[in-house]
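The values are calculated or read from the model by the stated rules, or taken from the named source; none is laboratory data. Treat the numbers as computed from the prediction; the structure is a model and nothing was measured. Because the Cβ atoms are built from the backbone with ideal geometry, glycine has one as well, and the counts that use them run over all protein chains shown.
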Amino acid sequence: MITQAGKEAGQIEVTGPHVRNYRPSLDPAEESIDRPLFGLIPKSILTDRVRFIEATRKGIPGTWVKGAVAGTGLRPIFLKILNVSSGNLSRIYQKKALDRDTSEEVLDTVRIFCQAVEVWESSDLALEWFQSPVPALGGEKPCDLLDTFEGRRWIAQVLNKIEYGDFS
C-alpha cells in the first residue's frame, strides 16, 4: 500500500502482474495551460514555440488584439506597436488576420506582459512596473521598450533576473 505522500512522490504500486503508476492531479496552473488569455488567445501559443511560430505565420485575428488591449491595459503600447491612431484601432479589431510582423509583435508583447504578471503575481503590480523607470533597463520604462524586438528581449531578461533574485 502506498501512502498519500508516496503517491505524491510518484511511487508505484504493484498488484499482481500489473504495475500501476500513480500520477497526482495536476497543479491548477498546469490544468489551465490552454485556457484562453483575455478570453481569446490560447495560452499554449505563448508557451509553445511551434504554436507561436505557426500563429505568427498565419496571422492572428484582430479580435485577439482587442482582447489583449482590453486585458493588459497597455492600450498606448499597442497603438505604438500597430502604428495606428486610437480612432483607427477598431479597424485592426475587424481584420481576419494581421501580417506576420505585427502578429509576432502583439503576441510577444502579450507574452512579456504575462511573464511580468507571473513575476509580480498581480496584473496591477505588473502594470505599475511597466510604467516605472527601471535601473536594470538603463532607467527606461519597460512600456517604452516594448515596440522593438530587442527591447522586449531585454525586458524578458530583466524579468528573469527579478524572478530568480539575480540583481547583478
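Mind listing whichever residues of region 69-112 are assigned to a helix (DSSP H, G or I), among the hydrophobic types (A, V, I, L, M, F, W, C) and either under 18 Å from ARG51 (Cβ atoms) or not assigned by TED's automatic domain parsing to the domain that holds PRO42 (or both)?
Residues of region 69-112 that are assigned to a helix (DSSP H, G or I), as a first pass: 69-72, 75-82, 86-93, 100-112.
If we keep only those that are among the hydrophobic types (A, V, I, L, M, F, W, C) as well, we get 69-70, 77-79, 81-82, 89, 92, 106-107, 110, 112.
Those that are assigned to a helix (DSSP H, G or I), among the hydrophobic types (A, V, I, L, M, F, W, C) and either under 18 Å from ARG51 (Cβ atoms) or not assigned by TED's automatic domain parsing to the domain that holds PRO42 (or both): VAL106, LEU107, VAL110, ILE112.
In region 41-72, how many are closer than 22 Å to LEU145 by Cα and in contact with a Phe, Trp or Tyr (Cβ under 9 Å, 6 or more places away or on another chain)?
Residues that pass the stated criteria total 10.
Mind listing just one residue for me: the one in region 141-168 that is among the hydrophobic types (A, V, I, L, M, F, W, C) and either under 16 Å from the mean Cα position of the chain (by Cα) or under 18 Å from LEU46 (Cβ atoms) (or both) and, of those, surrounded by the most Cβ atoms within 10 Å (Cβ to Cβ)? Give the derivation first.
Our first condition is that a residue be among the hydrophobic types (A, V, I, L, M, F, W, C); within region 141-168, this holds for 143, 145-146, 149, 154-156, 158-159, 162, 167.
The next check asks that each one be either under 16 Å from the mean Cα position of the chain (by Cα) or under 18 Å from LEU46 (Cβ atoms) (or both); those that pass are 143, 146, 149, 154-156, 158-159.
Details: CYS143: 19, LEU146: 22, PHE149: 11, TRP154: 18, ILE155: 25, ALA156: 15, VAL158: 20, LEU159: 21.
Only one residue tops the list, namely ILE155.
Just one of the numbered conditions (1) at pLDDT 95 or above; (2) touching a Pro at 6+ places or on another chain (Cβ under 8 Å) is not true of CYS143; which one?
Of the numbered conditions (1) at pLDDT 95 or above; (2) touching a Pro at 6+ places or on another chain (Cβ under 8 Å), the odd one out for CYS143 is (1).
Only residues that are assigned to a helix (DSSP H, G or I) and among the aliphatic types (A, V, I, L, M): list them for region 135-168, please. Spell out how you get there, then give the answer.
Filtering region 135-168 for residues assigned to a helix (DSSP H, G or I) gives 135-137, 142-144, 149-163.
ALA136, LEU137, ILE155, ALA156, VAL158, LEU159, ILE162 - these are the residues of region 135-168 that are assigned to a helix (DSSP H, G or I) and among the aliphatic types (A, V, I, L, M).
Answer with yes or no whether ARG51 is surrounded by fewer than 11 Cβ atoms within 10 Å (Cβ to Cβ), outside any loop (DSSP other than H, G, I, E, B), at pLDDT 95 or above and among the basic types (Lys, Arg). Can you show your working first?
On the way: surrounded by fewer than 11 Cβ atoms within 10 Å (Cβ to Cβ): no; outside any loop (DSSP other than H, G, I, E, B): yes; at pLDDT 95 or above: yes; among the basic types (Lys, Arg): yes.
Criteria not met by ARG51.
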